[in-house]
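Note sheet for the following structure.
The values are calculated or read from the model by the stated rules, or taken from the named source; none is laboratory data. Quick caveat, the model's predicted, so the values are computed rather than measured. We place every Cβ from the backbone using ideal geometry, glycine too, and count neighbours over all the protein chains shown.
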Amino acid sequence: MPSFDIVSQVNQQEVRNALDQCNREITNRFDFKGSDARVEQNEYVLSAYADDEFKLRQLSEVLNGKLTKRGIDIRCLQKGLIEKVSGNKVKQIITIKVGIEIELAKKIAKLIKDSKLKVQTSIQGDAVRVSGAKKDTLQETINLVTKSVADFPLQFMNFRE
């Protein structure tokens, strides 16, 4: 029976490359001369440091641009509150959301069930598996989910016949 998985993943190597490019650009930009602005990564958590909130916003714009050029969907970024570190220096924690949360998985499964398409869905950890008798029906399901879920980046993988 043909099937595919609905997942949400991020290529860690591309994120690392984008951070390197961002840090390199920040060190070379005139408006950041003498500044201690940088972005550090620890697995799926990014820490952005800057001298003030204005520079932090500028750093965030550069980071978003580099991630987008590398093919990373910035909808997967969850920005935390801006914290004061010492003096005027500020820090912001940015979490990279990976995997489909259970609430969203239930919403996707209900959406597919309500559409009356002849497919079955099952939630498997942080992915949703969709299986059906015809490939055309699965492609209709992909189109439905793509149009309906616009606030979270989803990928369709492991298409099997």
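Values computed for the structure shown
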| item | result |
| --- | --- |
| Residues of the range 118-131 satisfying the condition of being in a loop (DSSP other than H, G, I, E, B) and within 17 Å of the chain's Cα centre (by Cα) | Asp126 |
| Residues of the range 118-161 satisfying the condition of being over 13 Å from Val7 (Cβ atoms), of a type in the set (Gly, Ala, Ser) and either without any contact (Cβ under 8 Å) to a residue 24 or more places away in the chain or loosely packed, with under 12 Cβ neighbours inside 10 Å (or both) | Ser122, Ala150 |
| Residue match in the range 28-38 (condition: among the basic types (Lys, Arg), closer than 30 Å to Val145 by Cβ and free of Cβ contacts under 8 Å to residues at least 24 places away in the same chain) | no |
| Residue selected from the range 82-117 under the condition over 11 Å from the mean Cα position of the chain (by Cα) and polar (S, T, N, Q), by the criterion surrounded by the fewest Cβ atoms within 10 Å (Cβ to Cβ) | Ser86 |
| One residue from Glu83, Glu43, Glu61, Glu53 being on the phi > 0 side of the Ramachandran plot and out of contact with any Gly (no Cβ under 9 Å at 6 or more places or on another chain) | Glu43 |
| Test: residue in the range 15-30 that is within 20 Å of Glu83 (Cα to Cα), touching a helix residue (DSSP H, G or I) at 6+ places or on another chain (Cβ under 8 Å) and not in a loop (DSSP other than H, G, I, E, B) | no |
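To keep it simple, each residue is scored yes or no on (1) assigned to a strand (DSSP E or B); (2) in the same structural domain as Ile142 (by TED's automatic domain parsing); (3) loosely packed, with under 12 Cβ neighbours inside 10 Å.
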position	(1), (2), (3)
Val39	yes, no, no
Tyr49	yes, no, no
Phe54	no, no, yes
Gly65	no, no, no
Gly71	no, no, yes
Gly80	yes, no, no
